[in-house]
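Colleague: The structure is given below, and queries will be raised subsequently.
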Amino acid sequence: MHRLAITLPLILCSLNAYSEESFWDNLQVHGFASQAVIKTSDNRFFGDSPDTSFDFTEIGINASLPVNPQILLAGQLLARRAGDMYDGTPTLDYGLADMTFASSAEQRWGVRLGRIKNSLGIYNETRDVPFTRPGIFLPQVIYYDKVRNLMLSTDGLMFYGESYHDDRGTLSLTLGGGQSVIDDNVAWAFLGNDFGGELEPDGVAGLFRFWYTTPEERLQLGVSGALVSMQFEPGQYSPLSAGTTDLFFWIVSFQYGAEDWTLTAEYAGEPIKWRDYQSPFSPDRDVTAESYYLQGAYRLRPDLQLLLRYEEGYADRNDRDGVQSSAMTGGAIPPFNSFSKIWTAGLRWDIDQHWMVRAEYQRHQGTFILSSKENPDPGQPQADWNLWAVQAVFRF
Amino acid sequence: MNRRHWTLLFASLALMFWSLTLTAQELIVNRATPHQPISRNSARLCFTMRLLSWENRLPVKVFVFPDNHPTHRQFTKSVLGLFPYQLRQVWDRQIFSGTGRAPVIVATEQEMIEQVAATPGGIGYVESGANHPQIRILEVR
């Protein structure tokens, strides 16, 4: 607080020097739009994919305006249609004030205030911006689309610091907290149904990110995580009591980039606690979900990129084949609902600075990554299934 | 071809290669920015939009060519030591998460020189030499 008191007058002074050119000259506006076509052999994924789905559309527009070199205001509106999970209603993706208290060739630190994208793993911050993703779909075992909102953003405060060393690289740390933004997909994912009630954030969610990058940004190593508590508010006819679900989601990330290829690997662990629902549908239990992937991208030309990825995700690391959790439900939920093993192959073509198209094939074993909102009958899904998708993207 | 022809061919190839290395891209700044040469690391911080102001408090304003421009590709690799796709990733992450800004894109060398000359705190690059009273070539160490 003391520092803030010293820095604020400085920031206001520099406003004068900056105001020679028009304030609005520095406004930057960017945006994107994408449309995908998805076909699966079985199981619903982003809409009625067994009959070919067009229900995956992303439209975003953002603006940023520096008040002076130290204060940046930025916001983005996002309309996202994703099968039965999202209907395309525009939402505020982020809206923040970024205040830099120090910026030099040695270090930079400051604070962000407002709705902030969670900097989890390599991709979460820009997960809905199609050309920042390696494929049409991010690795679903870590960047779940069935519960994306829980990890998406936080209404709160984030401190950041970066330290630059000429020959050793960059170290950066982000620490923050606030209220996580939750929607009813979260209830479907963690309780299996909405059970006539609402799952709401309980207290403050905590976030951290610690990152190392070599001087020429070839190698990146990082660890990041989020600590989230949720409380269930039962409706009048809800079979569940006011229970709580607490989770700690953490990711270890690795990326190495050469001129023609990039290798990426991430590992995520997620201990989850269910308490006090007082119902056979949701007994008290502790489970640790586990997932990881290895991904290679090869640039045939600067505008043409091949993608190959293998990923595995488990709802419970101590019950990888899902037999125990299936038995708990008397076999109503099949064992393969507790894991996903996915091979992905893709090709991306950046036609020019505005247009990009890509195609993707996925071979799935297991249905852990499917949304139970899209596949409500647990007896229905097929264990082995295929996915084909194409996507066209425009940006400016 | 006799031996003299071979020698001549070899000599002219060597000359061509030498002249290629001579036309290394140069980092240019507006005259109002500080005078000292900058480190490669500082140059990287400028072009990844992480260094926000110069020592004299002028805001850093970055100008670049489009991603596929030959001068951009060469400058990124030989002066900054980065690959163009890495710069693009850094910019996109910042623009689309609200944590930073994009550089201003210019189409021609002429436009590059004019913009940097007209912008106090401006920084950019050219293929070789920039003759303008408002522009200084900055040495990268």
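The values are calculated or read from the model by the stated rules, or taken from the named source; none is laboratory data. Fair warning: this is a prediction, and the values are worked out from it, not measured in the lab. Here Cβ is always computed from backbone atoms with ideal geometry, including for glycine, and neighbour counts include all displayed protein chains.
Colleague: Looking for something farther than 25 Å from B:ASN41 by Cβ, modelled with pLDDT of 85 or more and either touching a helix residue (DSSP H, G or I) at 6+ places or on another chain (Cβ under 8 Å) or not small (Gly, Ala, Ser) (or both) - is there at least one such residue anywhere in segment A:198-207?
Modeller: There is at least one residue in segment A:198-207 that is farther than 25 Å from B:ASN41 by Cβ, modelled with pLDDT of 85 or more and either touching a helix residue (DSSP H, G or I) at 6+ places or on another chain (Cβ under 8 Å) or not small (Gly, Ala, Ser) (or both).
Colleague: Considering only segment A:140-155, I want to know if a residue exists there that is without any contact (Cβ under 8 Å) to a residue 40 or more places away in the chain, part of a loop (DSSP other than H, G, I, E, B) and either within 16 Å of A:SER371 (Cβ to Cβ) or in contact with a strand residue (DSSP E or B) (Cβ under 6 Å, 6 or more places away or on another chain) (or both).
Modeller: yes
Colleague: Got a sec? Which of A:ALA383, A:ALA359, A:ALA392 is surrounded by 15 or more Cβ atoms within 10 Å (Cβ to Cβ) and in contact with a His (Cβ under 9 Å, 6 or more places away or on another chain)?
Modeller: A:ALA383
Colleague: Moving to a separate point now. Taking the criterion of being of a type in the set (Phe, Trp, Tyr), within 14 Å of chain B (Cβ to nearest Cβ) and closer than 30 Å to A:GLU360 by Cα, would at least one residue in segment A:23-35 satisfy it?
Modeller: yes
Colleague: Would you please name the residue that is farthest from A:SER282 (Cα to Cα), looking only at residues in segment A:225-246 that are modelled with pLDDT of 85 or more and in contact with a helix residue (DSSP H, G or I) (Cβ under 8 Å, 6 or more places away or on another chain)?
Modeller: This residue is A:ALA226.
Colleague: Give the residues of segment A:123-139 that are part of a loop (DSSP other than H, G, I, E, B) and within 11 Å of chain B (Cβ to nearest Cβ), sorted by residue number.
Modeller: A:TYR123, A:ARG127, A:ASP128, A:VAL129, A:ARG133, A:PRO134, listed by residue number.
Colleague: Something else: Only one of B:ILE28, B:ILE95 is farther than 22 Å from A:GLY169 by Cα, crowded, with 21+ Cβ neighbours inside 10 Å, within 11 Å of chain A (Cβ to nearest Cβ) and of a type in the set (A, V, I, L, M, F, W, C); which?
Modeller: So the residue among B:ILE28, B:ILE95 that is farther than 22 Å from A:GLY169 by Cα, crowded, with 21+ Cβ neighbours inside 10 Å, within 11 Å of chain A (Cβ to nearest Cβ) and of a type in the set (A, V, I, L, M, F, W, C) is B:ILE95.
Colleague: Among (1) in contact with a helix residue (DSSP H, G or I) (Cβ under 9 Å, 6 or more places away or on another chain); (2) at pLDDT 90 or above; (3) closer than 30 Å to A:PHE208 by Cβ; (4) in a strand (DSSP E or B), which single condition is A:TRP250 missing?
Modeller: Looking at each condition in turn, A:TRP250 falls short on (1).
Colleague: Quick one: is A:TYR94 closer than 27 Å to A:GLN353 by Cβ, at pLDDT 95 or above and aromatic (Phe, Trp, Tyr)?
Modeller: Criteria met by A:TYR94.
Colleague: While we're here: Looking only at segment A:81-99, count how many residues are surrounded by fewer than 21 Cβ atoms within 10 Å (Cβ to Cβ) and assigned to a strand (DSSP E or B).
Modeller: Residues meeting the conditions: 7.
Colleague: May I ask you to verify whether A:ILE71 is within 12 Å of chain B (Cβ to nearest Cβ), aliphatic (A, V, I, L, M) and farther than 23 Å from A:VAL181 by Cα?
Modeller: yes
Colleague: Let me ask something additional. Any residue that is surrounded by fewer than 14 Cβ atoms within 10 Å (Cβ to Cβ), without any contact (Cβ under 8 Å) to a residue 12 or more places away in the chain and either out of contact with any Cys (no Cβ under 6 Å at 6 or more places or on another chain) or more than 30 Å from A:ALA359 (Cβ to Cβ) (or both) - is there at least one of those in segment A:301-315?
Modeller: Checked against the condition, which is being surrounded by fewer than 14 Cβ atoms within 10 Å (Cβ to Cβ), without any contact (Cβ under 8 Å) to a residue 12 or more places away in the chain and either out of contact with any Cys (no Cβ under 6 Å at 6 or more places or on another chain) or more than 30 Å from A:ALA359 (Cβ to Cβ) (or both), segment A:301-315 yields at least one hit.
Colleague: Residues in segment B:109-116: is at least one within 9 Å of chain A (Cβ to nearest Cβ), part of a helix (DSSP H, G or I), of a type in the set (S, T, N, Q) and at negative phi?
Modeller: No: zero hits.
Colleague: For residues that are in contact (Cβ under 8 Å) with a residue 60 or more places away in the chain, under 19 Å from A:TYR310 (Cβ atoms) and polar (S, T, N, Q), scanning just segment A:362-380, find the one that is surrounded by the fewest Cβ atoms within 10 Å (Cβ to Cβ).
Modeller: The extreme case among them is A:GLN362.
Colleague: Now for a separate question. Of all residues in segment B:72-86, which are more than 9 Å from chain A (Cβ to nearest Cβ) and surrounded by 18 or more Cβ atoms within 10 Å (Cβ to Cβ)?
Modeller: Of everything in segment B:72-86, those that are more than 9 Å from chain A (Cβ to nearest Cβ) and surrounded by 18 or more Cβ atoms within 10 Å (Cβ to Cβ) turn out to be B:HIS72, B:PHE75, B:THR76, B:VAL79.
Colleague: Still on this model: Among (1) hydrophobic (A, V, I, L, M, F, W, C); (2) within 18 Å of A:ALA105 (Cβ to Cβ); (3) not in a helix (DSSP H, G or I), there is one condition B:LEU45 misses while meeting the rest; what is its number?
Modeller: That leaves (3) as the condition not met.
Colleague: Also, quick follow-up: Mind checking which residues of segment A:17-59 are more than 27 Å from A:SER372 (Cβ to Cβ) and either of a type in the set (Val, Ile, Thr) or in contact (Cβ under 8 Å) with a residue 60 or more places away in the chain (or both)?
Modeller: A:VAL29, A:HIS30, A:GLY31, A:PHE32, A:ALA33
Colleague: Give me the residue from segment B:43-68 that is free of Cβ contacts under 8 Å to residues at least 40 places away in the same chain and surrounded by 18 or more Cβ atoms within 10 Å (Cβ to Cβ) and, out of that set, farthest from A:ARG168 (Cα to Cα).
Modeller: Here the residue is B:ASP67.
Colleague: Within segment B:48-70, work out how many residues are among the hydroxyl-bearing types (Ser, Thr, Tyr) and either more than 16 Å from B:VAL116 (Cα to Cα) or in a loop (DSSP other than H, G, I, E, B) (or both).
Modeller: Here the count works out to 1.
Colleague: Has segment A:233-247 got at least one residue that is among the aromatic types (Phe, Trp, Tyr) and crowded, with 16+ Cβ neighbours inside 10 Å?
Modeller: There is no residue in segment A:233-247 that is among the aromatic types (Phe, Trp, Tyr) and crowded, with 16+ Cβ neighbours inside 10 Å.
Colleague: Go through segment B:117-141 residue by residue and tally those that are of a type in the set (S, T, N, Q) and within 14 Å of chain A (Cβ to nearest Cβ).
Modeller: Summing the residues that are of a type in the set (S, T, N, Q) and within 14 Å of chain A (Cβ to nearest Cβ) in segment B:117-141 gives 1.
Rundown of residues vs (1) more than 23 Å from B:SER97 (Cβ to Cβ); (2) part of a strand (DSSP E or B); (3) within 14 Å of chain B (Cβ to nearest Cβ), yes/no style:
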residue	(1), (2), (3)
A:ILE38	yes, yes, no
A:GLY47	yes, no, no
A:PHE56	no, yes, no
A:ASN62	no, yes, yes
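Colleague: Separate question: What is the residue count in segment A:279-291 for residues that are exposed (fewer than 15 other Cβ atoms within 10 Å of the Cβ) and farther than 15 Å from A:GLY330 by Cβ?
Modeller: Final tally of qualifying residues: 3.
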